[in-house]
There are 2 protein chains.
Amino acid sequence: MNVTAHPDSLTRSVEDYLKAIYRLSPEGRPASTRDIAHLLELSPPSVSGMVKRLSELGLLEHIPYRGAQLTEAGRSAALRMVRRHRLIEAYLVEFLGYSWDAVHAEAERLEHAVSDPLVERMAAALGHPSVDPHGDPIPATDGSIHELASTALADVATGRTVEIRRVDERDPERLRYLAARGLVPGGVVTLRDRQPFGGPVTVEVAGVRHVIGTELARVVLCGSEETQ
Amino acid sequence: MNVTAHPDSLTRSVEDYLKAIYRLSPEGRPASTRDIAHLLELSPPSVSGMVKRLSELGLLEHIPYRGAQLTEAGRSAALRMVRRHRLIEAYLVEFLGYSWDAVHAEAERLEHAVSDPLVERMAAALGHPSVDPHGDPIPATDGSIHELASTALADVATGRTVEIRRVDERDPERLRYLAARGLVPGGVVTLRDRQPFGGPVTVEVAGVRHVIGTELARVVLCGSEETQ
DNA sequence: CACGTATATTAGGCATTCCTAAACTTGAGA
DNA sequence: TCTCAAGTTTAGGAATGCCTAATATACGTG
């Protein structure tokens, strides 16, 4: 235990588990077996087994029946993968003409294959960006990461004008839908209407109004409280 | 058998086996278990087992105790990997500042992770090159490949001036040694002296003479018979 | 043509990573 | 407090891909 395995010896699977647990709780609280299984599309028993092995490797702290949380070693390995993923996405958009809805799947495979020097060369070519094409912050090599405070579009007060910061990256179709309406990081939107009982919101982007369902409005994150 | 497995379902291992067999015999003659094992740094029994599985998948033709050769499906999968490998190498040198001795190891991992569209985007960014940084020809998407006739530097007649075409890519140290002496694809050399009994050759590059051992002179391939 | 060596294969095993089915733990509500 | 449903773990098993040891084949040479 507490071997703090050499980073290069981590398998794809292990890297995916660490990344999933980090995503489920960037703050470091324990993640449940069920949530990890759901995110990785695996069965709960598979996760149970792997969590046990990873805690023996010193990458996780596991309290049976209570959840798993990243150790320092685990967190740093996870952040290394997140950095890779987001830089690869940025690189593909900037230099290889990828659209923002296509990069996630490609990065998901490449992140396990690139070397650290290659990642740093890509970062340099990009001018060391701080966010990826979806607005997600890119961790530094030392593992520091600046999460900007943000409010879901669903929670913005009627009448306010805010800047879009960040959008969940995973569903390509959703990303195309958002891009077609100008709902991209850096885009400025005014909230014009909100229907009660969790109904849709109406936003105005570049003078055009769009009605956005609640589910979608919850994954579009905006600069908080930036009043017009 | 003869499933002609969907390309995306091939594992890293399978892709490496096919590439190895192609390298051992681009012409399609059977490759021996021993040679495959040696190239992949695996034990012969491991190769025996895998060869059996791959022939059941329709990627190889295997005659026990005689060797394995690629079927059409196997050859085309192998060439797809070779195309990826060489385009990745070219891309890393052209756009990410890699030196030619460092790209092989990086490409060896990336070739298993890139998608076909990414490979084609890289090819387009490069202007669809016909050779990689070591002078190795890049197969087309349809699997056609133009191997240029060439003569080993070790076999060039004394007094001839030839252009270097191609150098074995695998040993980084050897590549650095060659580059330091101008022995790179496109370089023009004149053979000044050859010692008998397999002794070293002396070549002149850009007015400077270098003595090159036989082993090295055998993996430097030159445009054949191009007299000054 | 028999023999021995080089080469190849089969036998048996191990690590990884996944699965389903069965057993166990937790905690909320009757 | 007891019960039970949701969630978790253990048990047992399969596929991949590697290994070593033992066995089988092929073929050049005496």
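Quick notes on this structure:
- Among residues that are open to solvent by 40 Å² or more (accessible area, probe 1.4 Å) and more than 28 Å from A:A107 (Cα to Cα), A:G186 is not included.
- Condition met for B:V93 (open to solvent by less than 10 Å² (accessible area, probe 1.4 Å), of a type outside the set (F, W, Y), within 14 Å of chain A (Cβ to nearest Cβ) and more than 14 Å from DNA strand D (Cβ to nearest atom)): no
- Applying the set (1) basic (K, R); (2) within 12 Å of chain A (Cβ to nearest Cβ); (3) under 30 Å from B:A206 (Cβ atoms) to B:R86 leaves exactly one unmet item: (2).
- Filtering segment B:119-139 to residues that are in a helix (DSSP H, G or I) and not small (G, A, S) leaves B:V119, B:E120, B:R121, B:M122.
- Selection count where residues are at positive phi and either within 13 Å of DNA strand D (Cβ to nearest atom) or at pLDDT 95 or above (or both), scope segment B:24-57: 1
- In summary, B:I138 fulfils each of the numbered conditions (1) open to solvent by 40 Å² or more (accessible area, probe 1.4 Å); (2) in contact (Cβ under 8 Å) with a residue 40 or more places away in the chain with the single exception of condition (1).
- Residue among A:Y91, A:Y17, A:Y98, A:Y22 that is in the same structural domain as A:G135 (by the TED database), in contact with a Leu (Cβ under 9 Å, 6 or more places away or on another chain) and in contact (Cβ under 8 Å) with a residue 24 or more places away in the chain: A:Y91
- Every residue from segment A:156-170 that is in contact (Cβ under 8 Å) with a residue 60 or more places away in the chain and under 15 Å from A:A217 (Cβ atoms): A:V156, A:R160, A:V162
- Sole exception among (1) within 11 Å of DNA strand C (Cβ to nearest atom); (2) of a type in the set (A, V, I, L, M, F, W, C); (3) buried (at least 21 other Cβ atoms within 10 Å of the Cβ) for A:L87, by number: (1)
- All positions within segment B:189-228 that are surrounded by fewer than 18 Cβ atoms within 10 Å (Cβ to Cβ) and closer than 17 Å to B:D101 by Cα: B:V219
- Annotation note: of B:S76, B:S130, B:S144, the sole residue that is open to solvent by 20 Å² or more (accessible area, probe 1.4 Å) and within 29 Å of A:R12 (Cα to Cα) is B:S76.
- The set of residues in segment A:113-127 being open to solvent by 40 Å² or more (accessible area, probe 1.4 Å) and within 13 Å of chain B (Cβ to nearest Cβ) consists of A:D116, A:P117, A:E120, A:R121, A:A124, A:A125.
Here's the yes/no breakdown for (1) under 23 Å from the mean Cα position of the chain (by Cα); (2) among the basic types (K, R):
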| position | (1), (2) |
| --- | --- |
| B:R29 | yes, yes |
| B:E41 | yes, no |
| B:K52 | no, yes |
| B:S55 | no, no |
| B:S76 | yes, no |
| B:R80 | yes, yes |
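- Test set (1) within 30 Å of B:A73 (Cβ to Cβ); (2) at pLDDT 95 or above; (3) outside the structural domain of B:R109 (by the TED database) - B:R170 fails condition number: (2)
- Any hit, segment B:98-112, residues being in a loop (DSSP other than H, G, I, E, B), away from chain A (no Cβ under 14 Å) and under 28 Å from A:L118 (Cβ atoms): yes
- Residues of segment A:2-12 satisfying the condition of being within 16 Å of DNA strand D (Cβ to nearest atom) and either surrounded by 14 or more Cβ atoms within 10 Å (Cβ to Cβ) or modelled with pLDDT under 95 (or both): A:S9
- Test: A:V131 is under 19 Å from the mean Cα position of the chain (by Cα) and within 14 Å of chain B (Cβ to nearest Cβ): no
- Scanning segment A:41-68 for residues that are more than 7 Å from DNA strand C (Cβ to nearest atom), open to solvent by 20 Å² or more (accessible area, probe 1.4 Å) and hydrophobic (A, V, I, L, M, F, W, C) returns A:L57, A:I63.
The values are calculated or read from the model by the stated rules, or taken from the named source; none is laboratory data. These figures come from a predicted structure and were not determined experimentally. Every residue, glycine among them, receives a Cβ derived from its backbone with ideal geometry; neighbour counts consider all protein chains shown. Accessible surface is based on the protein model in full, side chains and every heavy atom, while ligands, DNA and RNA are left aside. Shrake-Rupley method; radii C 1.70, N 1.55, O 1.52, S 1.80 Å.
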